[in-house]
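Student: I'd like to ask you about the structure that follows.
Each reported figure results from applying straightforward, stated rules to the coordinates on display, with no laboratory input. Nothing here was measured: the structure is a model prediction, and the numbers come from that model. Cβ placement follows ideal geometry from the backbone for every residue including glycine, while neighbour counts extend to all protein chains displayed.
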Amino acid sequence: MRRAEWVGPRVRSGVVHALAALCLGALLAGCGPREVSTGHEVVVFRHPKLFGDPAALERLFAEFERESGIRVRSETLPSASDEQHLFYAINLQAGSREFDVFALDVIWVAEFARAGWLVDLTALVPDADREDLFPGPLAAVTWNRRIYALPWFVDAGLLYYRKDLLDKHGLAPPATWQALVDAARVVTGREPGLYGFVWQGKQYEGLVCNALEFVRGQGGDLPASDAARDASLRGLAFMRALVIDGVAPPFVTTLTEEPARVIFGQGRALFLRNWPYAWQLLARDGSPVQGKIGVAALPHAPGQPAAATLGGWQLGVNVHSARPAAAARVAAFLASARAQKALALAYGYAPPRRSLYRDPALARAQPFLASLREIFETARPRPVSPHYVALSQVLQSELSGVLTGERAPAAAVRAIDRAHRELERR
Amino acid sequence: MKRALVWLGLAAACAWSVAPFAWQVLTSLKPQAELERLPPLLPAALTLAHYEAIFAGHPFGRLILNSVVVAAGTAVLALALGALAGFALAKLRPPGRSAVLAGVVAMSMLPPIATVSPLFLMVGAAGLRDALAGLVLVYTAFALPLAVWLMTQFFRGIPDELYVAARVDGCSAAGAFAKVMLPLAVPGLTATGLLVFILAWNEFMYALTLTSSVAARTVPVGIALFPGLHEVPWGEIAAGAVVATAPVVLLAIAFQRRVLEGLTAGAVKG
Amino acid sequence: MSRARAHREAWPLVAPAGLVLVVVAAVPMLYVVWLSLHDRTVFRPPTFAGLGNYARLAADARFWNALGNTLYFTVVSVALELLLGLAIALLLARAGRLRAAAYGVMLLPWAVPTVVSARMWEWIYNAELGVLNYLAGARINWLGDPLLALHAAIAMDVWKATPFVALLLLAALQGIPRDLYRAAAVDGAGPWTTFRRVTLPLLLPVMLVAVVFRTIDALRVFDAIYVLTGGGPANGTETLSIYAYKILFQTLDFGYGSALAVVVLAVTAVAAAAYARALRGGAE
């Protein structure tokens, strides 16, 4: 029979803070491998399968084991984000000790932190590191001014465009949304069978990412503060206008990342909004658009800052872990510049550290990645809240309503604000 | 003339039933490049690449194994319990049997969503989450109302005299059941077993929530969750769908007479 | 062999089935009602909330939307299944030798897992590469428009379930004595009158049974919509089961989610009771 699960998250996190501080203090006091020289401690690391040959990750762990004596056992999870979320939530709530370190989606950190499932890792991020990390991921892993997860990979929305078509019609890659619309009208008017702009408009998490880019690009935000309300309404109206004016096809409301990427990859669209992963697929041999595409930061309204939505994965330590000290070391190792560089070289996953983007080896081997530094610098997370999943359901349906014309932007913004207030009260 | 109209109507109805499957099989055999374009309808060449991919890249074989184990296990358990109960209700006729049968029918109307959250918690507490045994247990309960109802009807169809004669000859109840009733009930057992197998094979919601890894995942969940992080591989989904449904389709066609008996016995009572 | 002894021997045989049903079906039913009376999230220990969740539900626009979608889906799909099922049953009744082959073919949609059908239809409904739009020669946004998507889901459900209804009605049709038809012919009744006066009244009980089964199934629809649209666009295809599932297993709010599940249970029970009454009435 399981012991009582509820020791009160506050009490427990207080105890955990103390414990973590003790362990980390002992570690940082230069003790090195003292407590692990007697044998190999095994730390279990759960994460979604990486997009490539697992050998590189294994090599990294082998190096780590040689240096620290801690063996890391890697266990993968199915890649569906919802499934992983459910798996972690159920196991962590039941006090499972079956994994020590695990990879979190950027939107779960506040929720897991408030539920008391994550070890406070603030001590693992000294000021030097804090300055090296992009502000977006840092904000996403911070809850109540403490850091509960270490940024591992970073991801942000990008604009892909058909360089050849823009050049042909004498246009530059658009820096503002209006310029994008104008370019789309000009080019699709002259090229038959071409869609203007494809992005992710289906009712799912991806829609929130896309819509926030439209809204924030106008200077607004969701939930909307009073000051930014008009800008938010403009952003939503713009999103809807894309479909009404034919810049985006009506079936954009069925598109997720891959279907949109395939349409662009077949040469049937001028602009695509997608994540960096798509570059490899679009630029590889055999792709109909190889050599014809370019990548840029997403447009925004004139005078407004760029506002790509942040994605990516973070490393957390299970508060129930039987080996919190070793687990923290593993997390710190994976989040270190050295490990992130190795993984960036092997898998093309973007590291969250500024310094790595100046590294010449990385720039040579992954030039595409290195070129995205500015975009990651300004990428903004979705609302950081323990209730994000519930808020996201409301966001998804309201945004989908605006996009299909069922909801007026004003009503949608009101509904989102109301839901946000109600959730924060719980 | 009327004959022709009837045949035409039937042909249309059959085409309507089969066309989506035909399209899916075609999709599964189309090379990837042809999947990303619509005209042409028919592929220039056929390929088995998608079928290879689903077994190589995804643990599809494991999913099929899990489904077979769970569906067969459920069928066996539900048949055993259902046949016993059906026999007792039909032949031994205890008082309160109509209440029991009504209760059983009521249970069959249970929406899965109503019990999925408590079962989720109960199965977790019992340590059976992500275990085939947990699924078999839940599915048996899910299928028992159907099994009990059907077996009761089938046993009712067997004349009482045969049972009475066996008892008079000195058999115990269990003996009469095993030696006389069970052999006569084979058509009913087959029909019920098939229906339960198909029901268990196709079940989705409990499988989705009560399993979390490939160790216990079944085929429907695998198909639903097919798109990984960065793929909507229509060809592979189609291949997966064909493979996923082949067993039940073959069973249904091979034993269609039995299946139909089962379906109609459940509903059409004289 | 006494009657009493037979009765005594019966219960141990019924008991195992009864035990499984009680533990795995009846107890959870009571437990879900219990859960629905609590406030139970991952952020604090469960606390008793009385009817708080139900009050919240009554004021929840998303709940009413889901209820409306569920009822609309049920009414339309059951009506279509009944009409089409009847038509097909009448055809099959005259099919003669072809009947067996037709049976087998028509069993396919029923035999296949719903999620597989949904994936098949998702591909068929695809706006860009779907064969439906190809044949229609237009770029219809089947799954991307809230109203169209709900009807697309209904069409898929009708496709899947009509064979079941057709076969039920066929079995009943075949049970109607030939003499009645001969008598009607002798009286000079035309085909429509025969159908109305002879066939239909005798089919009514089975039609009612088919309607009951299909209604119960449609009220609890989940698999098809989960795969086809996930509840969107704009929650236009979100049924009660989908809403409850999202609350339970995404937001992990077991209290409110259980309240939603109890509502599904209640709606199903009401429908079943209403039909039971009608059945008993019809039988007299």
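Student: By counting other Cβ atoms within 10 Å of each Cβ, how are A:W279, B:W201 ranked from fewest to most?
Tutor: Numbers: A:W279 20, B:W201 26.
The most exposed by this proxy come first: A:W279, B:W201.
Student: Which one of C:W64, C:W192, C:W123 has the biggest mean-square fluctuation once chain C is modelled by GNM with Cα springs under 10 Å?
Tutor: In the Gaussian network model the winner is C:W192.
Student: Moving on to the next point. Helix-only mean residue ellipticity at 222 nm, the protein assembly as shown, DSSP H runs n ≥ 4 weighted -39,500 (n - 2.57), per residue, nearest 500. What is it? Intermediate results must be reported in sequence, preceding the final value.
Tutor: Working: 47 runs with 600 residues, N = 980.
Only helices count here, giving -19500 deg cm²/dmol.
Student: For a test of the definition: using alpha carbon positions, the gyration tensor, and the 1.5 limit on a/c, classify segment C:1-117 as rounded, prolate or oblate.
Tutor: oblate
Student: Moving on. Taking other Cβ within 10 Å of each residue's Cβ, how do B:C14, B:C171, A:C209 sort, fewest first?
Tutor: B:C171, B:C14, A:C209
Student: With r defined as the distance between the Cβ atoms of B:R93 and B:D169 and R0 fixed at 22 Å, what FRET efficiency is calculated, to the nearest 0.05?
Tutor: So, using R0 = 22 Å, E works out to roughly 0.60.
Student: Sticking with this structure for a sec: What do the square roots of 5 times the Cα gyration tensor eigenvalues come to for segment C:134-234, in whole Å, largest first, as semi-axes of the equivalent ellipsoid?
Tutor: 39, 17, 10
Student: Can I ask one more? In the Gaussian network model of chain C, springs joining C-alpha atoms below 10 Å, which of C:G257, C:G144, C:G18 carries the largest mean-square fluctuation?
Tutor: Top of the fluctuation ranking is C:G18.
Student: Extension gain C:L51-C:A185, at 0.36 nm per residue separation less the Cα-Cα distance, in nm?
Tutor: The C:L51-C:A185 span can extend by a further 42.0 nm.
Student: Find me the longest stretch of chain B that has none of the exposed trypsin sites (Lys or Arg not before Pro), where exposed means in a DSSP loop (not H, G, I, E or B) with at most 15 other Cβ atoms within 10 Å.
Tutor: Here the longest segment lacking exposed loop sites spans B:38-268.
Student: Follow-up question, since we're still on this one. Could you pull the Cα extents of segment B:77-267 along its three principal axes, largest to smallest, in whole Å?
Tutor: For segment B:77-267, the Cα spread along each principal axis is 70, 39, 26 Å.
Student: I need the calculated FRET efficiency for the pair C:W11 and B:A133, taking r as the beta carbon distance and R₀ as 22 Å, to the nearest 0.05.
Tutor: 0.20
Student: Any idea how far apart B:S213 and C:R178 come out in nm if each label point goes 7 Å out from Cα toward Cβ?
Tutor: 6.5
Student: Another question about this same structure. If Lys and Arg each add +1 and Asp and Glu each add -1, what is the summed charge of the other residues whose beta carbon sits under 12 Å from the beta carbon of C:A224?
Tutor: -1
Student: Once you sort the root eigenvalues of the Cα gyration tensor of segment A:50-89 as a ≥ b ≥ c, which label holds: rounded (a/c under 1.5), prolate (a/b larger than b/c) or oblate (the other case)?
Tutor: Verdict is oblate for segment A:50-89.
Student: Report the local net charge at B:V214: Lys and Arg +1, Asp and Glu -1, summed over other residues whose C-beta lies under 11 Å from its C-beta.
Tutor: Numbers: positive: B:R62, B:R217; negative: B:D130.
Once all neighbours under 11 Å are counted, the net charge is +1.
Student: Mean-square fluctuation check for chain B, GNM, Cα pairs under 10 Å: which of B:A15, B:A53, B:A254 is largest?
Tutor: B:A15
Student: Listing B:F197, A:F368 from the residue with the fewest other Cβ atoms within 10 Å to the one with the most, what is the order?
Tutor: Result, fewest neighbours first: A:F368, B:F197.
Student: While we're on this one: Pull out the extension gain between A:A411 and A:R190, defined as 0.36 nm times the separation in residues minus the alpha carbon to alpha carbon distance; nm, one decimal.
Tutor: So the extension gain works out to 75.8 nm.
Student: Run the quick spin-label model on A:A175 and C:A101: label points 7 Å from Cα toward the beta carbon, then report their separation in nm to one decimal.
Tutor: With each label point 7 Å from Cα toward Cβ, the separation is 7.1 nm.
Student: Please work out whether chain C counts as rounded, prolate or oblate from its C-alpha gyration tensor, where a ≥ b ≥ c are the square roots of the eigenvalues and a/c under 1.5 means rounded, while otherwise a/b larger than b/c means prolate and anything else oblate?
Tutor: Judged from the Cα gyration tensor, chain C comes out oblate (a/c at least 1.5, b/c at or above a/b).
Student: If r is the Cβ-Cβ distance from B:L8 to A:R373 and R0 is 56 Å, what FRET efficiency results, to the nearest 0.05? Numbers along the way, then the final one.
Tutor: Details: r = 67 Å, r/R0 = 1.20.
Rounded to the nearest 0.05, the efficiency is 0.25.
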